[in-house]
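Comments concern the structure below.
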Amino acid sequence: MKVFLNPGHAPNGIPDPGACGCGLRECDVAKSVADLVEHYLTAAGVEVVGNMQDDDLYTITSVANASEADVFISIHCNAFNGNAKGTEVLVYPGSAAGRKLGNCIQRQIVDSMGTTDRGLKDRPNLWVLKHTDMPAVLVELAFIDNAGDAVLLRDRQDDFARAIARGVTDYELI
């Protein structure tokens, strides 16, 4: 299996760091977790054909499509009002394989991290889900502006990465 990883938002936060809260920037958390996911997938014998962070979504999807990846995983942090919390995975409506992948990743994160299960959400207009040729998911690890979730995002990035990697290997076995 070949996996393409996309840590959300701009490298080094320039021009867009994504969501910010509790002293964290989404771009930094997403890149750290993606690098760890790449490590764990490679150790498990899964080929990572891309780990690309860029604000140009057209370029990301073009490179991913050219990579012949079997799955695409975009990694993000959510934000809302400081009270919302939990993990959710965004999928393209009608993609049965995307839903399967999303369910595998969601189950692993929620079960191992104890985050609130916000489930899978259909998102028909997200560029990276709509314009990739392979099953694609966008993982919202937790809420960066929620104090409790932010502690997890700061201190347990390795656990998030292991959970995502286990979700990918669970999917590979289906």
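Structure data summary
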| quantity | calculated |
| --- | --- |
| With every protein chain in place, region 40-93: carbon and sulfur % of accessible area (1.4 Å) | 49 percent |
| For region 92-105, 3J(HN,Hα) per residue [Karplus equation, 6.51 cos²θ - 1.76 cosθ + 1.60, θ = phi - 60°, Hz, x = Gly/Pro] | 7, x, x, 8, 4, 5, x, 5, 4, 4, x, 4, 4, 5 |
| Solvent-free Debye scattering, log10 I(q)/I(0), computed from the Cα coordinates of the chain at q = 0.19, 0.20 Å⁻¹ | -1.26, -1.41 |
| Residue among Thr132, His76, Gly148 farthest towards the positive dipole end of the chain, charges placed on Cβ | Gly148 |
| Alpha-carbon centroid distance for the pair region 131-174 / region 9-39, whole angstrom | 13 Å |
| Leu173 accessible area, 1.4 Å probe, all protein chains in place, Å² to nearest 10 | 150 Å² |
| Computed over the chain: relative contact order in percent, which uses C-alpha pairs under 8 Å that are six or more apart | 29 percent |
| Ser112 accessible area, assembled protein chains, probe 1.4 Å, Å² | 50 Å² |
| Cα centre as origin, Lys/Arg/Asp/Glu Cβ charges: the chain dipole, Debye | 400 debye |
| Nitroxide proxy distance, nm - points 7 Å out along Cα→Cβ at Asn125 and Val151 | 3.7 nm |
| About the Cα centre, charge dipole magnitude for region 106-174 (Lys/Arg +1, Asp/Glu -1 at Cβ), debye | 120 debye |
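The values are calculated or read from the model by the stated rules, or taken from the named source; none is laboratory data. No experiment lies behind these values; they were computed from the predicted model shown. FYI the Cβ positions are ideal-geometry reconstructions off the backbone, even for glycines, and counts take in every protein chain you see. The accessibility values were calculated without ligands, DNA or RNA, using every heavy atom of the protein model including side chains. Shrake-Rupley method; radii C 1.70, N 1.55, O 1.52, S 1.80 Å.
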